[in-house]
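Taking it in order: structure first as structure tokens, then the write-up.
Read-outs throughout are calculated quantities, based only on the coordinates presented, and are distinct from any laboratory measurement. Predicted model only: the values in this text are computed from it and were never measured.
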Amino acid sequence: MLKTVYFGAALACLTMTAVAQTAGTQTLNSEVANMRADMTLLTQRVGELSLRVEQLERDNAALRTQTASSAQAYATVQQLNNAIADLNRDIKAGDAAVAERTAAQIKKLGDATNAALESLSKSPVQRATSPNTFSTNFPSEGISYTVQKGDTLAVIARKTGSKTADIINANKITDPSRIMLGQTLFIPGGK
């Protein structure tokens, strides 16, 4: 019987060891599977990072090329100063030529003006004097308006709702550009 107990105990131990090994193998297999999945993800991530590094290297090379070509397009301060000095010399030389041409034109115009004045002084001029005629065809009712700074007849007409021609005729204004500050005008039909 003792032998049977030992045999039973040994069998139980072996069974437990086999169960433990099977459980350990399953755990080990699942860990290996998890590690494989992690390795696959890491491999994908490394591939993405490699692509990104390649793109950054291309961008960097393009920027270097662009910087190298743009550096050649800039002028130095000394080159700019020389160009400005050349322009100033050209302007001064051009100014002298322009001044000479302008003086010649002014002399020519002066001579023509003197000749015209001389011919006018020799012949009597008959000036036609036409009296200003003013229409009486404007509203007889209206308002008085005192000319203010910046007023013109058109502005006054707009302010008061009248017509410029009516204001001219009612006030017998011979020169509409010569209304005076403080002058009082009758505004026909004005409001």
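The table below lists the values:
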{"read-out": "Placed amide H near Ile143: partners under 5 Å, 5+ positions off or other chain", "value": "Ile187, Gly189, Gly190"}
{"read-out": "Centre separation in Å (Cα based) which lies between segment 106-121 and segment 146-172", "value": "40 Å"}
{"read-out": "Shape category assigned to segment 142-188 from the gyration tensor of Cα positions, a/c cut at 1.5", "value": "rounded"}
